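Asker: I am attaching a structure below and will ask some questions about it afterwards.
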Amino acid sequence: MVTRRPYAGFRPHTPVRPVFRCRECGGAWPCQPARLVLLAMYRDDRHRLAAFLAARLLAAIEDQPYGEPMELAERFLGWLPATSKTSDAKGGSSRMTSDQRNYRE
């Protein structure tokens, strides 16, 4: 069975280091299109999405030592939707999909 990906024809909005601007649209990464794709990719495991973004946040802080860490934290993590207690109880997949592995900088 073929799984349809709603973003199959979509060009990835990945970050350009060290400035962490979007390679595709030039916006501050994660830009709105990247956020939508990340939410779709990690829809079953929001904790893994938070860990992924936290790792990118740490890289951005290292790449921009004179930047404001709290502003970067808000940009990288502040947009994440809150998880409900019922979604936490379900848990998520511990294996990364091929889409998740390929969505790199």
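Asker: Does segment 88-103 include one or more residues that are open to solvent by less than 80 Å² (accessible area, probe 1.4 Å), modelled with pLDDT of 80 or more, of a type outside the set (A, V, I, L, M, F, W, C) and assigned to a loop (DSSP other than H, G, I, E, B)?
Answerer: Within segment 88-103, none of the residues are open to solvent by less than 80 Å² (accessible area, probe 1.4 Å), modelled with pLDDT of 80 or more, of a type outside the set (A, V, I, L, M, F, W, C) and assigned to a loop (DSSP other than H, G, I, E, B).
Asker: Can you pull out the residues in segment 40-54 that are in a helix (DSSP H, G or I) and open to solvent by 40 Å² or more (accessible area, probe 1.4 Å)?
Answerer: Of everything in segment 40-54, those that are in a helix (DSSP H, G or I) and open to solvent by 40 Å² or more (accessible area, probe 1.4 Å) turn out to be Arg46, His47, Arg48, Ala51.
Asker: Pairs, please: C-beta under 9 Å, at least 6 apart or cross-chain, first residue at pLDDT below 90 and open to solvent by 70 Å² or more (accessible area, probe 1.4 Å) and in segment 4-23, second of a type in the set (D, E, K, R) and not in a loop (DSSP other than H, G, I, E, B)?
Answerer: Final answer for the pair search is Arg5/Asp99.
The values are calculated or read from the model by the stated rules, or taken from the named source; none is laboratory data. Note that the coordinates shown come from a computational prediction; the quantities given were computed from them, not determined experimentally. Cβ: placed from backbone, ideal geometry, glycine included. Neighbour counts: every protein chain shown. Side chains included, ligands, DNA and RNA excluded: accessible areas come from the protein's heavy atoms. Shrake-Rupley method; radii C 1.70, N 1.55, O 1.52, S 1.80 Å.
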